[in-house]
Amino acid sequence: MSSFEIGLILGMAIITFAIRYTLFAVGHRVRFSPLVVQALTYVPVAVLSAIVVPVMLMPEGEGLQLSLHNHYLVGGVAAILIAARWRNLLATIAGGILCFFLWRWFYG
């Protein structure tokens, strides 16, 4: 590794630490409005959706695959339906994985 790469990694680490530590250090003094607090409750769902949905819709990374041959899409839709119906995390995970692997086994 060159000295430039090491400096780049150290710089990114310092910037990341500074951003996170600043909010941690002065977080008890900062008060958010109720609207901001309510909006912040949606951040984990938005981040998880931003990670999962592209993988589910484009498993090969080369355009949308909206067909029944896309095992990720079938498992994801099954997990969404299970979560909407029963609101049980374990059932959602197990059902989504089961649908993914069974669909892959029968139709893959």
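Loop sites here are trypsin sites (Lys or Arg not before Pro) outside DSSP states H, G, I, E and B with no more than 13 other Cβ atoms within 10 Å. The longest part of the chain free of them is 32-86.
Residue by residue, the range 14-31 carries 3J(HN,Hα) couplings of 5, 5, 4, 4, 5, 5, 6, 5, 4, 5, 5, 6, 10, x, 6, 8, 8, 10 Hz when phi is fed to the Karplus relation 6.51 cos²θ - 1.76 cosθ + 1.60 (θ = phi - 60°); x denotes Gly or Pro. Surface composition of the range 34-107: carbon plus sulfur atoms hold 74% of the accessible area, using a 1.4 angstrom probe and ignoring ligands, DNA and RNA. Starting from the coordinates of the alpha-carbon atoms of the chain, obtain the Kirkwood hydrodynamic radius over all distinct pairs and give the value in Å to one decimal. Evaluated over the chain, this radius sits at 17.7 Å. Sequence-distant contacts, meaning Cα pairs under 8 Å at least 6 residues apart, place the relative contact order of the chain at 16 percent. At a probe radius of 1.4 angstrom, the accessible area of the chain per residue rounds to 85 square angstrom. For the residue pair ASN88 and VAL52, what label-to-label distance in nm results when each label sits 7 Å from Cα along the Cα-to-beta-carbon direction? Between ASN88 and VAL52, the simple spin-label model gives 1.7 nm. Ranking ALA46, LEU64, LEU98 by Cα position along the charge dipole of the chain, where only Lys, Arg, Asp and Glu carry charges on their C-beta atoms, puts ALA46 farthest toward the positive end.
The values are calculated or read from the model by the stated rules, or taken from the named source; none is laboratory data. These figures come from a predicted structure and were not determined experimentally. Every residue, glycine among them, receives a Cβ derived from its backbone with ideal geometry; neighbour counts consider all protein chains shown. Only protein heavy atoms, including side chains, enter the accessible area calculation; ligands, DNA and RNA are left aside. Shrake-Rupley method; radii C 1.70, N 1.55, O 1.52, S 1.80 Å.
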